[in-house]
Structures are given as C-alpha cells and as structure tokens.
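Undergrad: I have a structure here, written as structure tokens, and I will follow up with some questions on it.
Laboratory data are not the source of any read-out in this text; all were calculated from the coordinates shown. Owing to the predicted nature of the structure, the values given are computational and were not obtained by experimental measurement. Every residue, glycine among them, receives a Cβ derived from its backbone with ideal geometry; neighbour counts consider all protein chains shown.
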Amino acid sequence: MAAIDQLIDELERSYDEVRSRMSDPSVYNDHKEAAEVGRRLKELEAPHRLAQEWRQASADLAAARGDAELASLADDLVADVARLEEELKLALVETDPADAKDVILEVRSGVGGDEAAIWAGDVFRMLTRYAERRGFKTELLSANESETGGFKEVVFAVKGDGAYSVFKYEGGTHRVQRVPETESQGRIHTSTATVAVMPEVEEIDVELDENDLKIDVYRSTGPGGQSVNTTDSAVRITHVPTGIVVAMQDEKSQLQNKVKALRVLRARIYEAERDRQQAELSAARKSQIGSGERAEKIRTYNYPDSRVTDHRVKVTLNLEKVLPGGLDEFTEALTSEAQRRALES
C-alpha cells in the first residue's frame, strides 16, 4: 500500500504544479508552452480523479474495518480499492504526446511489382474505411497511381481526436499472400505494401526556416511520365538540414501543392526527430510494442485461408472482416499489450 500512496503523492504534486503553471502569465503568453502545459494538465486530470476516488475508498475501508456495524461492507470496499488501484496504474502509464494528434499516412507498394501496387491500393482502402468506421475524416493529399491499377504511393490525412493513437499501430510492412489477377497458372504470390504513420503537427510544433528550404517547381506528370498540364504547378521541397524531400503535384495550383507539401514535410521532420530521440532511449524502447521501423513485418493477409494474422500480438481474424476496415480487435489487442509492457517497465 505504501508504494501506491507514494505514487499518489507524486501525482498530486505534479497536478498542483501544472495547474499553477497554467495560471502563470509567462506561460499563458507563450503559445507553445501554454499548449504543452494544457496537454499535460488534460493528461493528469483522469489519474488525479482516480487518485481522489482511491483515497476515499481506502478511507471508507479503514472505517468499515474499525466499525462492527460497517464490517459487512468491507469485502465490497476491498474490491473497489483494488479496482481503482489497477485503473490508476493504467492511467499513469506514460502516453505518447502525439496520441491526440491527427495523422498522416503514406502507403507505398513494396516487393511484388504490379501486384504490390494493387495491394497498396487495397491497404489504402482498408485504412480509409477503418477511419470512417471510427468517425474520423480522411483527406487525400497525394496519389501516384501505377499504370496497372493501384498505387506506387498514396499519402492521406486522418483527422479526429486521438487519430494517431489508433493508427500508429498500422506502421510497418503489410504482407499479402494471394493469386494475382494477372497470374494465369493460379500460383500464390507474396507481395508487400509499407505504411508510414506520422502525427500531423502544427507550425507551432515544427518551425520551418525559409532559408532551410530548397523549393523547385515543375510540370505535373501522370502514370507513364506524360505531362498532364502546361504550367509549372508541381512542387518539390527539400529540407536542407535533414535532406528530407517532399513532392506534391495533385493540385492544379502551385500554392496549394506547396501548402500540402509543407504539411507532409513538417510531419516527416517531427517523426524523424522522434525516431532520433527514441534511438537514444533504445533500451527503454525495447520494452514497448514494436520498433515502428518501416521494414518490420507487422501483419500477413492470407487470401487462400481467408485469415489475417498480426505478428506482434499473435491475433488472427477473418480476412472478410478486416478488409472493409474491421481493425478494432487488432487495435485493442495492440493497445492492451503496449499498456501491459509499459506497466512492466
């Protein structure tokens, strides 16, 4: 019991300190710091409430044990205290600051030629359907279609409270085993599509210095490389310090393409910095679920057996359920596993 008392004392100190900072004029006038303090306060509110409930339940239990007339309530109160303690521990598991953000996803065809591009299109549709089922809005940012159908690359945003906390588990390699439509012999092929998942960040999160940007304009091209318009509306932005390059050509206006490219660029820079920080904390990172590396095979979609297996949590679901966006069971299992590992560490 002493350990949980100590934990709650520490939580209450943190909560009071953050509330105090929130009313500090110097914090209030600094938008970036105010946003950070506000996020931290919101993060602590649920654990703080649970801590108060735990204190009350513990006091009620002590009173029941010391009073013969209330002794019959003790068993129920013991259960309440234990439940609140477990909920409190889970609520105190450190959350990813990006969890509440919108998200940008990039789906690329991997190994398997034309079939990989078709599979990338299937993965894109599965993810957008999942977003819709969860009540999120989607926005197509860029699409590089292949000549035989599907996509070489497609980039889209998912908007809604907690979108990143849901979609972060989709990052990695999605492997499919099926007979391609172009396969005359009926042989099963293995193809892949990779998904990169990045929190969408505000200008306040990643400030871009114009002097660090190399901006090139050129004419948009369609599948096969043919020019699709007569003006230099496509935009390629290179962030010189990191070497990150984003090209955008889907909009007719150069300005619109530049705005979209900057959104994706900010997300990539933010994610690259997070990766760098996580690499420095690699020992702690090992205790969390998956490495988030792009090459990590996360899931296999087996068409002949109509099943999908998530290799991180060893959960298998029916393919017909998953492809229309039925990913909730995977997300729940992965979230629970991440919480369990964080608690252990």
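Undergrad: Can you work out the FRET efficiency for the pair residue 139 and residue 206, with r the C-beta to C-beta distance and R0 = 22 Å, to the nearest 0.05?
TA: Efficiency, from the Cβ-Cβ distance: 0.70.
Undergrad: Name the lysines eligible as straight-distance cross-link partners of residue 321: C-alpha to C-alpha under 23 Å, and not fewer than 8 places from it in the same chain.
TA: Of all the lysines, those that pass the test against residue 321 - Cα under 23 Å, at least 8 places apart if same chain - are 137, 168, 297.
Undergrad: To the nearest 20 debye, what is the magnitude of the charge dipole of the chain about its Cα centre, counting +1 on the Cβ of each Lys and Arg and -1 on the Cβ of each Asp and Glu?
TA: 1400
Undergrad: Hey, which lysines would be in cross-link range of residue 214, C-alpha to C-alpha under 23 Å, not counting anything within fewer than 8 residues on its own chain?
TA: The qualifying lysines are 252, 258, 260.
Undergrad: Please give the FRET efficiency for residue 6 paired with residue 314, using the beta carbon to beta carbon distance and R0 = 30 Å, rounded to the nearest 0.05. Mind dumping the intermediate values first?
TA: Numbers: r = 36 Å, r/R0 = 1.19.
Plugging the Cβ-Cβ distance into 1/(1 + (r/R0)^6) gives 0.25.
Undergrad: Can you work out the Karplus-derived ³J(HN,Hα) for every residue in region 175-182? Use 6.51 cos²θ - 1.76 cosθ + 1.60 with θ = phi - 60°, whole Hz, and x for glycine or proline.
TA: Computed from phi, the couplings for region 175-182 are 9, 10, 10, 6, 8, x, 4, 8 Hz.
Undergrad: Work out from phi, with θ = phi - 60° and the Karplus expression 6.51 cos²θ - 1.76 cosθ + 1.60, the ³J(HN,Hα) of each residue of region 158-170, listed in order in whole Hz, and give x for Gly and Pro.
TA: Computed from phi, the couplings for region 158-170 are 10, 10, x, 4, x, 4, 5, 5, 8, 8, 4, 7, 8 Hz.
Undergrad: If you don't mind, there's one more thing I want to ask. Could you derive backbone 3J(HN,Hα) for region 13-27 from the dihedral phi with the Karplus parameters 6.51, -1.76 and 1.60 (θ = phi - 60°), listing whole Hz in sequence and x where the residue is Gly or Pro?
TA: 4, 4, 4, 5, 5, 5, 4, 5, 5, 4, 9, 6, x, 5, 6
Undergrad: Still on this model: Is the shape of region 30-125 best called rounded, prolate or oblate, per the rule: a/c under 1.5 gives rounded, else a/b larger than b/c gives prolate, else oblate, with a ≥ b ≥ c the square roots of the Cα gyration tensor eigenvalues?
TA: Working: a/c = 6.81, a/b = 2.26, b/c = 3.02.
In terms of gyration-tensor shape, oblate.
Undergrad: Is there a quick way to get the dipole size of region 41-158? I mean about its Cα centre, with the Cβ of Lys and Arg at +1 and of Asp and Glu at -1; what is the value in debye to the nearest 20?
TA: Working: 14 positive and 25 negative charges, 62 e Å.
That gives region 41-158 a dipole magnitude of about 300 debye.
Undergrad: Find out how many positive minus negative residues lie around residue 147, taking Lys and Arg as positive, Asp and Glu as negative, among other residues whose Cβ is under 15 Å from that of residue 147. Write out the running numbers ahead of the final one.
TA: Details: positive: 152; negative: 114, 115, 145, 153, 181.
Taking every Cβ under 15 Å from that of residue 147, the sum is -4.
Undergrad: Please check: in the Gaussian network model of the chain (C-alpha springs, under 10 Å), which one of 121, 162, 38 has the largest mean-square fluctuation.
TA: Of the options given, 38 has the highest mean-square fluctuation.
Undergrad: Shape call for the chain from the C-alpha gyration tensor, a ≥ b ≥ c root eigenvalues: rounded (a/c under 1.5), prolate (a/b greater than b/c) or oblate?
TA: In terms of gyration-tensor shape, oblate.
Undergrad: Go ahead and run the numbers for FRET between residue 297 and residue 32, Cβ-Cβ distance against an R0 of 35 Å, rounding to 0.05.
TA: Once rounded, the FRET efficiency stands at 0.40.
Undergrad: Taking the number of other C-beta atoms within 10 Å as the exposure measure, put 142, 184 in order starting with the fewest. Don't jump to the answer; show the numbers that get you there.
TA: Values: 142 20, 184 7.
Sorted ascending by nearby Cβ count, the order is 184, 142.
Undergrad: Arrange 31, 311 by Cβ neighbour counts within 10 Å, fewest through most, would you?
TA: Going from least to most buried by this count: 31, 311.
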